[in-house]
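S.K.: Quick one: structure below, then a few questions.
The values are calculated or read from the model by the stated rules, or taken from the named source; none is laboratory data. It should be emphasised that the depicted structure is a prediction, and the values quoted were computed from it without experimental measurement. Cβ placement follows ideal geometry from the backbone for every residue including glycine, while neighbour counts extend to all protein chains displayed.
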Amino acid sequence: MSRLLKYTLNANAQKTSITFTQRIIPAVFYSKKEIPAVPPKKPNTPKGKLDEDSTNTSSTNAYEPFPNNVNPKTGEINGPRGPEPTRYGDWERKGRVTDF
Amino acid sequence: MASLLKFPISPVSRCLIQNSVGVKAAGCSSTHRHLHLASRQAQVKKSTKISTSYPVVDHEYDAVVVGAGGAGLRAAFGLSEAGFKTACVTKLFPTRSHTVAAQGGINAALGNMEQDNWKWHMYDTVKGSDWLGDQDAIHYMTKEAPAAVIELENYGMPFSRTNEGTIYQRAFGGQSLDYGKGGQAHRCCCVADRTGHSLLHTLYGRSLAYNTDYFIEYFAMDLLMEEGECRGVIAMSLEDGTIHRIKAKNTVLATGGYGRAYFSCTSAHTCTGDGSAMVTRAGLPNQDMEFVQFHPTGIYGAGCLITEGCRGEGGYLVNSEGERFMERYAPTAKDLASRDVVSRSMTIEIREGRGCGPNKDHVYLQLHHLPPQQLATRLPGISETAQIFAGVDVTREPIPVLPTVHYNMGGVPTNFKGQVIYYDGKSSSDVVVPGLYACGEAACASVHGANRLGANSLLDLVVFGRACALTIAEENKPGEDMGEISENAGEASIENLDKLRYADGATPTAELRNKMQQVMQTNAAVFRTGPVLKEGVQKIQDIYDEMDNLKLSDRGLIWNSDLIETLELQNLLLNAAQTVVAAERREESRGAHAREDFKDRCDEFDYSKPLQGQEALPESKHWRKHTLSNMSVETGKVELNYRPVIDSTLDQKECKTVPPAIRSY
């Protein structure tokens, strides 16, 4: 459905203001029958010579999610997955410390 | 586009004008956001008086915030909310600021897990700061903490919850109940494992609801000081090299720390202490620069920290001879000695030539003697970390580690309201610099004192970001008149820029920066003694002199990262010089500043003995005072002064001063 835009232009000198109804026609015009069921998809960026193989998108997730996102030991909802981050006295995730 | 506005819109056909540039037209509903550029056309003025070869554009605002991390965003939208016309100048996109890397939580005495009281939190923070923190600022921060966390939660920050629906709090970092006598307190609120990330995105999303003008990817070069007042900043657009003078009655610095002055740090490459350097160039002091927080086991080259739990689970540190050297330094505790003992031992091993690697500048953390099953269950994810950041297989090879900088307690001195101060020795009082405020890691309020407690830093950001906005709102009105800036204000910055842009000496920036980082890592890191620090002072002075001999290869103005990195190197050197000189002068060990030749804390009384009968040492003889460092930009000489610690709280009836004592955990 093309958009209808109403501009009321009050031309400077003219008393009789003319109302235009402009139809802005988009660049690609689909009639009702032609609207594709699946929208067109951009192709992937071409792979460069030195690019690593990026098809493996799943990162090794060391932490399994809790059932229902509830930590079974502490009852925390939506908390950090895996073992308790503060168990060694600092904030540890995957062996990395971000706060101490 | 501007001509469109000349046509009056008939009130009869009131409609949304949809064109490619959302211009706010009279009579239309204000659901349209001003596009970045369009809204500024009316306000900016080109100025030719200051420089003809560099186009300078002038802007005028009520307030400008430099830096868009946690503290900067909170200040920016706090000001916009109060109705001020605010600009936020940032060299990074707001959600890329280093706050995003903070994974730990925020401390607040909400009392969701057990009975809690903010006064206990205040006691813990004062103790953690080794009695160098200003107790009025700590009082303010811990009292505002619950309100700040609830405010964040109301903005949509998804804290983890208990079953009852309240915010889940966990035990962390030196927090206790009942003034240290009641056991571990549970005060740390978090958002899964990405609190900083979530905080930054929440604040950014919230700030978009207000009319803050963001100057994104603009590098703030200097403060515009007139008659001792701060009247704005001068910044360079990274995109096109234009210079922008942003004149504002109130300037808030929230630029973060300067971790990158060291070879091994956890900070991003963009943490270059721009705010504290701008303040130095304006002739104002920085406070407590020698207090830098280290962690013993940071991965060599990457800067990620490895948890002490590795050593807790049986891992140990080895030197190049394969010797488990901690047995010599801490015979009983061995690798489980306290962090500063471990850091110092590692540094001593490296200094004595038993470091590993081609440069012999790190040690190894060995975990491959542990059963892989145990590693995988107790420390899941560590093999991934070691593989990604160190490139080693943790079940076969050791991880290269060395002591790493994590946080800078020092920075721009402020009072508890966020106003930048300097100390007037004659009247023995703090004097406020009109128009200048600071918050976050860049500021030194000082809530962290000599040592920062975990999970207090994110709290510091939001509380003092808000405090700056509140102070400005209290003392100013939107649209107020302000003093003028001279026609050629900021000329020195542009001269410096031009000089660097065409610099054609011998040393590339990266080489000089690496040299500085190595010197700081060797001489001003964990292992501090008189001769080592003196050597550091001299070497940094030499490197500072070498700044005249830089070589830049990129002469352009558009995305000239060579130029920006050189400006950042200038900032880093100012911070580094003040750090090493202040460390050399402070002859005691307090908090994060630990000296081999002065192992004890030196207060006005000896708190290890009963106070009765003791005479207080005069201020010149004891070290329970803040260091204020001024630096001359031409010569590189640092001058030190001292300022007393504020012991009185905001309200003695509400919260009494915590009297100093020996700090032991």
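S.K.: Would you mind listing the helices (runs of 4 or more DSSP H) fully within the range B:464-550 where at least 1 residues are within 30 Å of B:Y300 (Cα to Cα)?
M.R.: Qualifying helices (runs of 4 or more DSSP H): B:509-523, B:530-546.
S.K.: For B:L550, work out the one condition from (1) out of contact with any Leu (no Cβ under 7 Å at 6 or more places or on another chain); (2) under 20 Å from B:Y258 (Cβ atoms) it doesn't fulfil.
M.R.: Failed condition: (1).
S.K.: Considering only residues that are assigned to a loop (DSSP other than H, G, I, E, B) and more than 7 Å from every other protein chain (Cβ to nearest Cβ), which ones fall in the range A:67-82?
M.R.: Result: A:N71, A:P72, A:K73, A:T74, A:R81.
S.K.: Which one of B:V447, B:V392 is assigned to a loop (DSSP other than H, G, I, E, B), away from chain A (no Cβ under 14 Å) and within 22 Å of B:C265 (Cβ to Cβ)?
M.R.: Sole residue among the options that is assigned to a loop (DSSP other than H, G, I, E, B), away from chain A (no Cβ under 14 Å) and within 22 Å of B:C265 (Cβ to Cβ): B:V447.
S.K.: Any residue in the range B:133-142 that is surrounded by fewer than 20 Cβ atoms within 10 Å (Cβ to Cβ), among the acidic types (D, E) and part of a loop (DSSP other than H, G, I, E, B)?
M.R.: Within the range B:133-142 (the criterion being surrounded by fewer than 20 Cβ atoms within 10 Å (Cβ to Cβ), among the acidic types (D, E) and part of a loop (DSSP other than H, G, I, E, B)), the answer is no, since none of the residues qualifies.
S.K.: Can you name the residue in the range B:153-176 that is in a strand (DSSP E or B) and at negative phi and, of all such residues, is farthest from the chain's Cα centre (by Cα)?
M.R.: B:R161
S.K.: So which of B:T99, B:T95 is more than 20 Å from B:K417 (Cβ to Cβ), in a helix (DSSP H, G or I) and more than 14 Å from chain A (Cβ to nearest Cβ)?
M.R.: Only one candidate passes the filter, namely B:T95.
S.K.: Can you tell me which of (1) within 30 Å of B:I388 (Cβ to Cβ); (2) touching a Ser or Thr at 6+ places or on another chain (Cβ under 7 Å); (3) acidic (D, E) is the one B:D288 doesn't meet?
M.R.: (1)
S.K.: Next question, about the same structure. Have a look at B:Y607, B:Y544 and point out the one that is of a type outside the set (S, T, N, Q) and at pLDDT below 95.
M.R.: It is B:Y607.
S.K.: Report whether or not B:Y168 is more than 8 Å from every other protein chain (Cβ to nearest Cβ) and of a type in the set (S, T, Y).
M.R.: no
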